[in-house]
1. First measure r as the distance between the Cβ atoms of residue 48 and residue 320, then evaluate 1/(1 + (r/R0)^6) with R0 = 35 Å and state the FRET efficiency to the nearest 0.05.
2. Starting from the Cα of residue 77, step 7 Å toward the Cβ, then list every residue of the range 85-118 with an amide N under 18 Å from that point.
3. When the chain is modelled as a GNM with alpha-carbon springs shorter than 10 Å, which of 377, 34, 417 fluctuates the most?
4. Using the Kirkwood formula over every pair of different C-alpha atoms, what hydrodynamic radius in Å results for the range 76-120?
5. Can you tell me which of 103, 354, 88 moves the most in a GNM of the chain? Springs connect C-alpha atoms under 10 Å apart.
6. Just to be sure I follow: if Rg is taken over the C-alpha atoms of the chain and Rh is the Kirkwood radius over the same atoms, what is Rg/Rh?
7. Give me the number: length gained by fully extending residue 195 to residue 421, i.e. 0.36 nm times residue separation minus the C-alpha to C-alpha distance, one decimal in nm.
8. Per-residue counts of other Cβ atoms within 10 Å, averaged by peptide: what ranking do you get for 346-353, 363-370, highest first?
């Protein structure tokens, strides 16, 4: 009896030990396999380099940088056709990579097919422009993130990340501070006007890029509610969870007045119900990585949520089921910041690819897949980290030059002589 109990104890101990060991291992996500790929590359184990990159790609489908590196890995493993096919896939996405300078492609650099691909990369550097400037602010160093518009007073609102404020621009083009850090604002990010209720809603987050944020506030985030008629802040609704860092970056207003917002730090979708006083978690999903812009389908049944690292999630608002929007092999939806539903398509400000661009993704009838992509703006000489935008009937407005690069990780702003005056562009469909 004692012997039997001893062996049972050993079995239980081993099972618990294995379970605890598995819990302490780092999650094998895309980043894990990329790190393993880097180690293999440094050790000149090009077979392992390729296999780890392919594993990372299964977790981040159609990731252009991964595809580019996989093409190089194929070349290093003397798999010429696979290298050329994969590199061509990246070029067909409308992107640009310096393949001509990359020694990983030495085994294929003299082929005619490689030279044709280089021609495509060169073509992808061509400017596609259709916009015109609406106005330019004279104040530098704002790190302007979002634009909103009140049709009743014909007033634009621009949010500032670094200077922690919102600027209003009236119909005469006169700019003034609408709200500042004296009102308790941190970095101000996504904004929307609820014209029906005379309200302005905005995301605010205590991040390093905002000036003079107190150490005890770092990681806090919330939603600001302004009365447009009175021109004052009515209330700040903070995410009640204090166990994690938060970064609300964009929001959306439902017809009934509910406000939805995305958190990129603790990837979740939150909702502030109309008439309620506390932000609720609407949806968490293991597939979320870095949530950004969001918008409803025209019938209000679906919610499209951009994920900077994965593409666009489609959420059924009734069941809360989540799928990743399917895309053709020559389309990538990574690196999307702002996202806007327009006549059966999605308009996106895509600053996480090269070149940065405003793109239109045409959807299937069931709105579950992309049929094709159109570049609306790319390689514009004034593009300098495009950020969020807004649709106004058949016109699209966006900020072309937020200059996020100008803030260091510790919140220091670049010298003024290196900064540009932020602008707002628009174009018509």
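Here, each number is a calculation from the coordinates, and none is a lab measurement. Keep in mind that this is a model prediction, so the values were computed, not measured. Positions of Cβ are generated from backbone atoms using ideal geometry, with glycine treated the same way; all protein chains shown enter the neighbour counts.
1. Calculated value: 0.35.
2. 85-90, 104-108
3. Top of the fluctuation ranking is 417.
4. 10.5 Å
5. With Cα springs under 10 Å in the chain, the top fluctuation among 103, 354, 88 is at 103.
6. Taking Rh as the inverse mean 1/r over Cα pairs, Rg/Rh reads 1.02.
7. Residue separation times 0.36 nm, minus the Cα-Cα distance, leaves 78.5 nm.
8. 346-353, 363-370
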